[in-house]
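In what follows, a structure is listed as structure tokens, so that the remarks can point back to it.
The values are calculated or read from the model by the stated rules, or taken from the named source; none is laboratory data. In this text, all values refer to a predicted model and were calculated from it rather than measured experimentally. Don't worry about glycine lacking a Cβ; one is built from the backbone with ideal geometry, like all the others, and counts go over all protein chains shown.
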Amino acid sequence: MATVQEPHGGEGADGVRRRDFIHIAAVSFAGVGAAAVVAPLVYQMSPSADVLAQSSTEIDISAIEPGMAIKASWQKQPVFVRNLTPAEMAEANAVSIGDLRDPQTLADRTKPGKENWLVTLGVCTHLGCVPLGAAEGENRGDFGGYFCPCHGSHYDTAARIRKGPAPTNLVVPPYEFTSDTVIEIG
Ligand code: FES
């Protein structure tokens, strides 16, 4: 049937091409319109999905024996969870707060009744290196907590800065105990 319409329209090959162009252009605009509708949805959905996936992290702490620590991750940052021994807690509590660069007690940095659980970011407050001391056998520095070898920052058993260039204690992130053996960070 198309071969019959061409002569009647009198448009010849150019007319066919023009119609084809209009048809293609219309499809293209429809395509752009559809993309424009979809794009904002994707744009709006992706950050919230991303944030939701990272906003909290659950950690099972049941296997962390006294004196041990683990490294976890929250919002792409390392987190240290440490089960302090009674001796490490006593050491932290024996420090005169007035002697500290960033004065905080162990109780300030832990949850009531669970002072043995020390949860901090594993990020040196000097320039952001990951200190040693969470893994077994790593150097815990002069004060038995964490040691950042980058420029020599020493943290004590409450992860408070005691020596070296770091200005503040390792940061305690927001977290809660959801049971005796699980914490939720974030
Ligand atoms: S980054 Fe830790 S001492 Fe410099």
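Tabulated values for the structure
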{"read-out": "Filter pass, residue 149 being over 22 Å from the mean Cα position of the chain (by Cα), surrounded by fewer than 16 Cβ atoms within 10 Å (Cβ to Cβ), over 23 Å from residue 184 (Cα atoms) and within 13 Å of the ligand (Cβ to nearest atom)", "value": "yes"}
{"read-out": "Unmet requirement for residue 92, which otherwise passes all of (1) within 22 Å of the chain's Cα centre (by Cα); (2) surrounded by 14 or more Cβ atoms within 10 Å (Cβ to Cβ)", "value": "(1)"}
{"read-out": "Some residue of the stretch 99-109 being at pLDDT below 95, more than 14 Å from the ligand (Cβ to nearest atom) and assigned by TED's automatic domain parsing to the domain that holds residue 62", "value": "yes"}
{"read-out": "Boolean, residue 173 is within 16 Å of the ligand (Cβ to nearest atom), closer than 18 Å to residue 78 by Cα and modelled with pLDDT of 95 or more", "value": "no"}
{"read-out": "Test set (1) more than 15 Å from residue 82 (Cα to Cα); (2) away from the ligand (no atom under 16 Å from the Cβ); (3) not β-branched (Val, Ile, Thr) - residue 115 fails condition number", "value": "(1)"}
{"read-out": "All positions within the stretch 152-170 that are under 21 Å from residue 117 (Cβ atoms) and within 12 Å of the ligand (Cβ to nearest atom)", "value": "155, 161, 168, 170"}
{"read-out": "Listing of strands (runs of 3 or more DSSP E) fully contained in the stretch 73-186 that carry 1 or more residues being farther than 18 Å from residue 60 by Cβ", "value": "77-83, 117-121, 144-148, 153-156, 161-163"}
{"read-out": "Residue in the stretch 117-132 that is more than 21 Å from residue 77 (Cβ to Cβ) and either modelled with pLDDT of 95 or more or surrounded by fewer than 17 Cβ atoms within 10 Å (Cβ to Cβ) (or both) present", "value": "no"}
{"read-out": "Residue check, residue 120 within 16 Å of residue 172 (Cβ to Cβ) and away from the ligand (no atom under 16 Å from the Cβ)", "value": "no"}
